[in-house]
Amino acid sequence: MGRRLFRKLRAPTSMQIEVTSACNCKCVHCYNYWRDKSELALVGDLPPANMTMDTAKRMLEQCVKNELFDVVLTGGEPFLNFPVVKWLAEEFIKNKIRVSINSNLSLITDEQADWVLETPLFAVLTTVLGPNADVHDAITTEKGSFDATMRGINKLLKHGRCPGVNCVVSKMNIDHIEQICQVLVNVGLKAMVFTPAICPEYCKDFTPLQLTNQEVVKFLNTALAARKKYGIRVGTLVTLPLCSLDGVEDILYFSDKSCGIGRKQIVCSSDGKLRPCTHFETIEGDLVQEELANIWSRFEHWLEASNFPDICLNCKLFGLCSGGCRMSAKSATGNHCAVDPNINVENIDKVARQIQEQLKMKQKASLETLPDSFVINNYRTRKEEYGVVIGTVSGPLATAIISDEALQVLKRFEVGKSYFTHDVLQDLSPMDKNNFLAGMAHRKILQFV
């Protein structure tokens, strides 16, 4: 066993469940590891197209038993297997596990849209790759896909649900980010994430799509400008080497993503096979045949220092970005332990200083301007050897690790009750009190009002 870099949770906190490996588009940068083997993943050694109800029941049992906090139901296209999606979502929610759905929304019916509205899902995330059919359809390689997705978005909006949007950015659409924002804001959307396309494991030549560091900086700044202009929430879904982001107006804004392989995340195929990431083909175990706790113990090797290049292990930014994406490294070199090709060693010191300055300013502002009152959001906890995993049951997504002492302080407050900031925690020093309240707010457990 090599040197372990990170604390090991006794179970993952989130699981991405592919309820179907069937899909109704052929995107040129699809992240699913099986995409090149069959258009609908129906042949060879691939899992069945649809998760069965028996497998779904096993997923539910194991997630509840191991106290997971969040699940994402995805595919393929999950609405191709709606009976299982509906059952799983409702059962997870009954057990206080937050549920999100990733879908291109092109197939959603009025009946399904009504169900989405009536069900307390945490989020529905769809994908828009261009401001019009010419750009979007060229990337999905499916004529009519833009119009179908926009119909689905408008259908959800009509039924009272506002989905989030992920735009996978490549050379094919980087010059259209501002237009995409305008189109989506005009129809009423309020949250967008912009994620650089990552070379899938099966791809032989990603050059026509691969972004340079300068292009990544460009689209992130465009996203930040849209945030200010339209008042929308923006972000990214993947970990980015922070040393590659020199020139981004607010690097700190994109510093909250790190690789969760072996630490907090796990991916389940439609037949119960567990993998570390949607990009990786490596199977660590079979959840239909084995206990999740036993399979999770095999993920220990992903925490070892041997998975990361020395330049990252010795970097002052490593704790924030975990050295970038292991699949990016594997796609570029054939070895997931190698250097993420986006890493820019020359920028490490400069970016580190910028982040440190931004952190100081943010902390100072938060401590000086705490609002007059706050409320505690509904939360769950899970005991670990070295502390407590805590996560919100509804509202903003947040899962974090806190100390037992911090939890005892938190338990002084009732969930949902409003408190005046000035009147609470008089036994703590002003600095400790402010740090605690600001820390809980950062973790979304506490909400200032």
Accessible area per residue for region 111-201 in Å², computed with a 1.4 Å probe and the full protein assembly in place, what is it? 39 Å²
Simple spin-label estimate for residue 133 and residue 301 in nanometres, 7 Å along Cα-Cβ: 4.9 nm
Label region 234-377 by shape, choosing from rounded, prolate and oblate, from the square roots a ≥ b ≥ c of the eigenvalues of the Cα gyration tensor; if a/c is under 1.5 it is rounded, and otherwise prolate applies when a/b is larger than b/c, oblate when it is not. oblate
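Quick one: if the Förster radius is 41 Å, what FRET efficiency do residue 394 and residue 221 give, using the C-beta to C-beta distance and rounding to 0.05? Spell out each step's value before the answer.
Values: r = 32 Å, r/R0 = 0.79.
Rounded to the nearest 0.05, the efficiency is 0.80.
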Listed by chain and number, the residues whose amide H is under 5 Å from that of residue 285, excluding neighbours fewer than 5 places away on the same chain and using placed H, are 274
Stretched out fully, how many nm does the piece from residue 228 to residue 3 gain, at 0.36 nm a residue minus the Cα gap? 76.7 nm
Quick calc: nm separation of the 7 Å Cα→Cβ label points for residue 378 and residue 94 -> 1.6 nm
Using a 10 angstrom cutoff on alpha carbons, build the Gaussian network for the chain and name the most mobile of 89, 329, 133. 133
Distant-in-sequence amide H partners of residue 304 (H built 1.01 Å from N, under 5 Å): 5
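Rounded, prolate or oblate for region 300-378? Axes are the square roots of the Cα gyration tensor eigenvalues, ordered a ≥ b ≥ c, and the cut-off for rounded is a/c under 1.5. Display every interim value, and only then the final one.
Values: a/c = 3.37, a/b = 1.92, b/c = 1.75.
Judged from the Cα gyration tensor, region 300-378 comes out prolate (a/c at least 1.5, a/b above b/c).
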Treat each spin label as a single point 7 Å out from the Cα along the C-beta direction, and report the residue 10 to residue 356 distance in nm. 3.8 nm
Honestly region 69-205 on the Cα gyration tensor test (a ≥ b ≥ c root eigenvalues; a/c under 1.5 rounded, otherwise a/b vs b/c for prolate or oblate) is just prolate
For Rg and Dmax of the Cα atoms in Å, pick the label among (1) 28.4, 116; (2) 24.3, 73; (3) 21.7, 65 that corresponds to the value derived from the coordinates. (3)
If amide H atoms are modeled at 1.01 Å from N in the peptide plane, then the residues at a separation of 5 or more from residue 373, or on another chain, having amide H under 5 Å from its own are 421, 449
Stretchable slack from residue 86 to residue 111, in nm (0.36 nm times residue separation minus alpha-carbon distance): 7.8 nm
In this structure, among 8/264; 364/411; 316/360; 65/444; 155/229; 316/350, pairs with alpha-carbon gaps over 19 Å are 364/411; 65/444; 155/229
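Taking every pair of alpha-carbon atoms in region 170-321, give the share separated by more than 19 Å as a whole percent. Provide the component values of the computation, followed by the final result.
On the way: 7311 of 11476 pairs.
Every Cα pair in region 170-321 considered, those over 19 Å come to 64 percent.
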How much length is gained if the chain between residue 442 and residue 418 is pulled fully straight, taking 0.36 nm per residue apart and subtracting their Cα-Cα distance, in nm to one decimal? 6.9 nm
Taking residue 433 as the anchor, which aspartates and glutamates have their alpha carbon closer than 15 Å to its alpha carbon, excluding any fewer than eight residues away along the same chain? 368, 372, 405, 423
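The values are calculated or read from the model by the stated rules, or taken from the named source; none is laboratory data. This structure is a prediction, so every number in the text was calculated from the model and none was measured. Every residue, glycine among them, receives a Cβ derived from its backbone with ideal geometry; neighbour counts consider all protein chains shown. In case anyone asks, the SASA skips ligands and DNA or RNA and just uses the protein heavy atoms, side chains included. Shrake-Rupley method; radii C 1.70, N 1.55, O 1.52, S 1.80 Å.
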